[in-house]
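Notes follow once the structure below has been shown.
The values are calculated or read from the model by the stated rules, or taken from the named source; none is laboratory data. Keep in mind that this is a model prediction, so the values were computed, not measured. A quick note on method: Cβ atoms are made from the backbone with ideal geometry, for glycine too, and the neighbour counts reach across all protein chains shown.
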Ligand code: EPZ
């Protein structure tokens, strides 16, 4: 991948019907949850993104078998799972590896993990995870960036979270699912992907109740069974495709889109002037783009607020909207690095830390840009479709980590996008053009 980059040519009026993949951010905790079971499970609608491959590698590393038995169906056998030590190389590749900590503590009473480290969007600490496990009776010692967690027997606890952390909610639920007694998570995250994990845990035999307001109660059981489950469709991929049509004046139909989980995002697009029809029972969307999009403002937040993972792609659409948009990022402390790259494409954006002001312009121009996280890569591709000329984007690994062949779906809608493999000299020259951004290549987020 080192000499590969994404090339995008101006592609207006993207249109057609497209199918979606399963949600990466549901798949990762769900694969980790299989550690709680003994036997063979089957997950369908699994996206083949690099982060998912990484989680499969992690489970194999722990002694499980994990293989695709068809294009998107993953079979995992955890009956031979025999270790509780997470390979540090994998932890460094993907922060979400921390999601196996809860299941390992429930299964073995032990978990050895390397500190996952931060990435370009933030320090990404895991203090909430560790505090929660400590309150469940886990002794955690740290040595040389390695954490050694021991719990002779986990105990049910009430965990009141400072912030509704998605990963912490998921990790604690998985630990509590096999811990005798009732564990309560107060101020829990209730993102659609968290609800998908709850559905899987219930299918395994877990006893989980969601109570108002944002409290999850888990009554531990002794054994959880292997499952067959279809991962939810990816609302973030749906959002990306809707924005691809919106920013190019196109028309798109996504019959599988989980519109019921995208309400504020859809409202914002409608406020821009795009015509959106939602299918029966909140499944499926048809977007017909307006030719004169109006700028809208937004503030990211926990669900059902505006998703932080659609902030960057939505910002790309504001660059060409009439008026002024104010976008505020409240979830991550440094998730505005795509601003600099969009400005290189001619956008009129000023940032005051996590508050960004976008004044719509008539035209963007292709440029050499760098993706700094998964969702920034999406924003820059979308901007490239609207921009005059050619955009070349480095940081391909972010795109591959978060999406399963999204470039092929975009091509099917008329998008002129390709992954280019070039010689060292050309790639170095491209990096030279990009490096004006002053951003260093980022670790996985
Ligand atoms: C999940 O990350 C997603 N990743 C992220 O998607 C998503 O942006 C995020 O939730 C918010 O929705 C996966 O599901 C694999 P958090 P997670 O714990 O669990 C702070 C993408 O692009 N925090 O809800 O790491 C944290 O630093 C990725 O697909 C602590 O301070 O998110 C952040 O500021 C990016 N201490 C805030 O809470 C902790 O112990 C929200 O983090 C944990 C989190």
Lone qualifier among 24, 110, 92, 4 - being touching a residue at least 60 places away in the same chain (Cβ under 8 Å) and over 21 Å from the mean Cα position of the chain (by Cα): 4
Scope region 271-282; condition within 12 Å of residue 255 (Cβ to Cβ) and buried (at least 16 other Cβ atoms within 10 Å of the Cβ); matching residues: 278, 279
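Suppose the filter is within 21 Å of residue 293 (Cα to Cα), surrounded by fewer than 22 Cβ atoms within 10 Å (Cβ to Cβ) and more than 16 Å from the ligand (Cβ to nearest atom); does residue 390 pass it? Steps first, please.
Details: within 21 Å of residue 293 (Cα to Cα): no; surrounded by fewer than 22 Cβ atoms within 10 Å (Cβ to Cβ): yes; more than 16 Å from the ligand (Cβ to nearest atom): yes.
For residue 390, the condition - within 21 Å of residue 293 (Cα to Cα), surrounded by fewer than 22 Cβ atoms within 10 Å (Cβ to Cβ) and more than 16 Å from the ligand (Cβ to nearest atom) - is not met.
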Verdict on residue 211 being surrounded by fewer than 23 Cβ atoms within 10 Å (Cβ to Cβ), free of Cβ contacts under 8 Å to residues at least 12 places away in the same chain and over 23 Å from the mean Cα position of the chain (by Cα): yes
Residue in region 123-142 that is more than 10 Å from the ligand (Cβ to nearest atom) and within 24 Å of residue 60 (Cα to Cα) present: no
Extreme residue, farthest from the ligand (Cβ to nearest atom), among residues of region 164-192 that are touching a residue at least 40 places away in the same chain (Cβ under 8 Å) and part of a loop (DSSP other than H, G, I, E, B): 180
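Determine whether residue 413 is over 17 Å from the mean Cα position of the chain (by Cα) and free of Cβ contacts under 8 Å to residues at least 60 places away in the same chain.
No.
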Subset tally (residues that are assigned to a loop (DSSP other than H, G, I, E, B) and surrounded by fewer than 16 Cβ atoms within 10 Å (Cβ to Cβ)) for region 145-154: 3
Unmet requirement for residue 131, which otherwise passes all of (1) in a strand (DSSP E or B); (2) surrounded by fewer than 21 Cβ atoms within 10 Å (Cβ to Cβ): (1)
Residues of region 389-436 satisfying the condition of being within 17 Å of residue 342 (Cβ to Cβ) and assigned to a helix (DSSP H, G or I): 398, 399, 433, 434, 435, 436
Any hit, region 93-105, residues being modelled with pLDDT of 95 or more and surrounded by fewer than 23 Cβ atoms within 10 Å (Cβ to Cβ): no
Tally, over region 208-231, of residues that are more than 16 Å from the ligand (Cβ to nearest atom), more than 30 Å from residue 72 (Cβ to Cβ) and modelled with pLDDT of 95 or more: 7
Candidate set from region 291-316 (those that are farther than 22 Å from residue 193 by Cα and touching a residue at least 40 places away in the same chain (Cβ under 8 Å)); member that is surrounded by the fewest Cβ atoms within 10 Å (Cβ to Cβ): 291
Qualifying residue in region 51-74 (condition: in contact (Cβ under 8 Å) with a residue 40 or more places away in the chain, out of contact with any helix residue (DSSP H, G or I) (no Cβ under 8 Å at 6 or more places or on another chain) and crowded, with 22+ Cβ neighbours inside 10 Å): no
